[in-house]
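The values are calculated or read from the model by the stated rules, or taken from the named source; none is laboratory data. A quick note: this is a predicted structure, and the numbers were derived from the prediction, not measured. Every residue, glycine as well, gets a Cβ built from its backbone with ideal geometry; the counts of neighbours run over all protein chains shown. In case anyone asks, the SASA skips ligands and DNA or RNA and just uses the protein heavy atoms, side chains included. Shrake-Rupley method; radii C 1.70, N 1.55, O 1.52, S 1.80 Å.
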Amino acid sequence: MFLSALVEWSRAQFALTALFHWTFVPLTLGLGIMLAIMETMYVRTGNEFWKRTEKFWMKLFGINFAMGVATGLILEFQFGTNWSNYSWFVGDIFGAPLAIEGIVAFFLETTFLAVMFFGWNKVSKRFHLTSTWLVAIGANLSALWILVANAWMQYPIGVAFNPDTARNEMVNFWDILFSPVAINKFFHTVTSGFVLSAAFVIGVSCWLLLRKRETQMAMKSIKLASVFGLMGLCALIWTGDGSAQQVAKTQPMKLAAMEGLYEGQTNAPLVLFGVLNHNKKYDDNQDPYLFKISMPGMLSWLSFGSTDAYVPGIKNIIEGEYIPYAKEATALPALSFEEKARRGETAREAFAGYMIAKEAGNDTLMAVHKSVLEQHFQYFGYGYLSDPKELIPNVPLVFYSFHVMVMLGGYFILLFLLAWWWQHRNQLEKRRWFLHIGIWSIFLAYIATYAGWIVAEVGRQPWAIQDLMPVSAAISGVKTGAVQTTFIMFSVLFGILLIAEIKIMLTQIKKGQTNQ
């Protein structure tokens, strides 16, 4: 019971910090690029309007950048305080991209950020423009390395376990960097930040139009943001399709939770909208839905490119014996949870035997145990699990988060199209109802990006590292009360910071282009 409470409180604290950090990061990803575009227009045309407009949005960018840095530091420290076993087990791999992010991307951002903010009259126009572009690129490069680390947790490749140190060691850096999961995760996450940034610029501009202030700046900003947002959405949809295929291959349980799929099938339908039966158990005969609208065959097609593809459900993944879809005819039946747990326990016993043999100086026995360990290491994490239900994430939370995210994606396509069209026709100011919707759409954009992270992180539970380390084995040996205390402290601190950030942002928005 102690361990369960400690795990849950540690997860809650990390989720609190991660989501608060993610409140600020996506806005800097897209807004930085839009700032660079505005300054490019200024340098090319010499029109001071673009310079004033950029300076207005730059202040909002700077506020979020500072908050993102502060919360990001707290987030990284938690790997040592709350997740020390995880840090020991995979620190050699996980630490590398985070180190590159700090040494290369973060220093690139911060170095040229000073030039971007304070170098207007101290450097040439072109050098200042270059600095602004480098800040935007640096922000997105920071996201790249962090997402590479996160993707490795969800699809661990390019490493080997060293039983002498009880640590995983990197054997191929390029496999980790160019993992298909990492590439898709980077582009999907970054383009979601572009969409949020576009919604933010449109929302703030709608507020200015409602108050008949800074009309020219608001209209031009809406034009830029709507086009930028639509381009981001096109990339988001494309990468979302790629992400679905990667999840289907590497994390089938997450895909099953996203769709509330308990019984696998060919020609599997894609649920467009549905209400789950919350009493459903994986091994009973109840209908998983109270109500649903679905498209036959679409889940099979989106996952594997064929409506004939078999998509396993939660029950099938636990019981095994199904044939995973593959173009080759040599695919072996999937193992059951019981078999994976047995092999995981064998791997753990072999590791323990290796350490005993090493201490005794028995090289022959060490070699035997090492061979067994290497043979079963891919199931190492299952040796910590005892109940097949532990494999099932929070299905309602993952399911509803996924569908909210998808529906809001459709909503923002319509929002950006209407914003661009009415701005183009000079009719936007007359649509006051739409201006109000534009303001509230800022909050919907944040809901969408939070939902995406919930799907990614809650959907892979119980794993800290897919198949290798469950969260129950990743935590530090600290007292539950200590984590509860720091959780409360962080909640209060983050609440104060958020109120301060919103107040500062509103003050800058109300000032408009004054003194820019």
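So with the 1.4 Å probe, I'd like the accessible area per residue for region 377-516, rounded to whole Å².
49 Å²
Which of the trypsin sites (Lys or Arg not before Pro) found in region 437-516 are in a DSSP loop and have at most 15 neighbouring Cβ atoms, other than their own, within 10 Å?
Sparse-neighbourhood loop trypsin sites (Lys or Arg not before Pro): LYS479.
Fully extended, how many nm does the chain gain between PHE77 and THR507 (0.36 nm per residue separation, minus their Cα-Cα distance)?
Stretched fully, the PHE77-THR507 segment lengthens by 151.6 nm.
Check every DSSP H run in the chain and write down those whose alpha carbon atoms cover 15 angstrom or more along the long axis and whose mean Kyte-Doolittle hydropathy is 0.0 or greater.
Membrane-span-like by this criterion, though nothing is claimed about a membrane: 2-45, 48-81, 84-100, 107-118, 125-154, 180-210, 215-250, 395-424, 432-458, 480-511.
Please give the FRET efficiency for ARG425 paired with LYS59, using the beta carbon to beta carbon distance and R0 = 45 Å, rounded to the nearest 0.05.
0.90
Measuring from label point to label point, each 7 Å out along Cα→Cβ, what is the ALA367 to ASN285 span in nm?
5.7 nm
Once label points are set 7 Å from the Cα along Cα→Cβ at both THR111 and LYS212, what is their separation, rounded to one decimal in nm?
That separation, rounded to one decimal, is 5.0 nm.
What fraction of the Cα pairs in the chain, stated in percent, has a spacing above 35 angstrom?
It works out to 41 percent of all Cα pairs.
Name the residues whose placed amide hydrogens come within less than 5 Å of the amide hydrogen of SER336, ignoring near sequence neighbours (fewer than 5 apart) on the same chain.
The list, which skips near neighbours in sequence, is GLU321.
So for MET38, MET489, what's the accessible-area order with a 1.4 Å probe, most first?
Descending order: MET489, MET38.
Among the chymotrypsin sites (Phe, Trp or Tyr not before Pro) in region 93-195, which ones are in a DSSP loop with at most 16 other Cβ atoms within 10 Å of the Cβ? Mind listing them?
TRP120, PHE178
What's the FRET efficiency of ARG126 with SER491 using the Cβ-Cβ distance as r and R₀ = 60 Å, to the nearest 0.05?
The value I calculate is 0.85.
Which whole-number percent gives the relative contact order of the chain, counting Cα pairs below 8 Å spaced six or more residues apart?
Taking the mean separation of contacting Cα pairs over the length of the chain, I get 19 percent.
Which three numbers, in whole Å and largest first, are the semi-axes of the equivalent ellipsoid of region 237-317 derived from its Cα gyration tensor as √(5λ)?
Those come to 20, 14, 12 Å.
Can you give me the solvent accessible area of HIS278 with a 1.4 Å probe, rounded to the nearest 10 Å²?
120 Å²
Give me the number: length gained by fully extending ILE323 to MET298, i.e. 0.36 nm times residue separation minus the C-alpha to C-alpha distance, one decimal in nm.
7.1 nm
Can you run the Rg to Rh ratio on region 1-140? Use alpha carbon positions and the Kirkwood inverse-distance Rh.
1.12
Using a 7 Å offset from the Cα along the Cα-to-Cβ direction at both SER336 and THR45, what is the distance between the two label points in nm, to one decimal?
6.9 nm
Can you give me the long-range amide H partners of ARG167? Hydrogens built in the peptide plane at 1.01 Å from N, cutoff under 5 Å, separation of 5 or more residues or another chain.
ASN162
What number do you get for region 427-516 when its Cα radius of gyration is normalised by 2.2 N^0.38 Å, N = residues?
Against the compact-globule rule of thumb, the ratio is 1.70.
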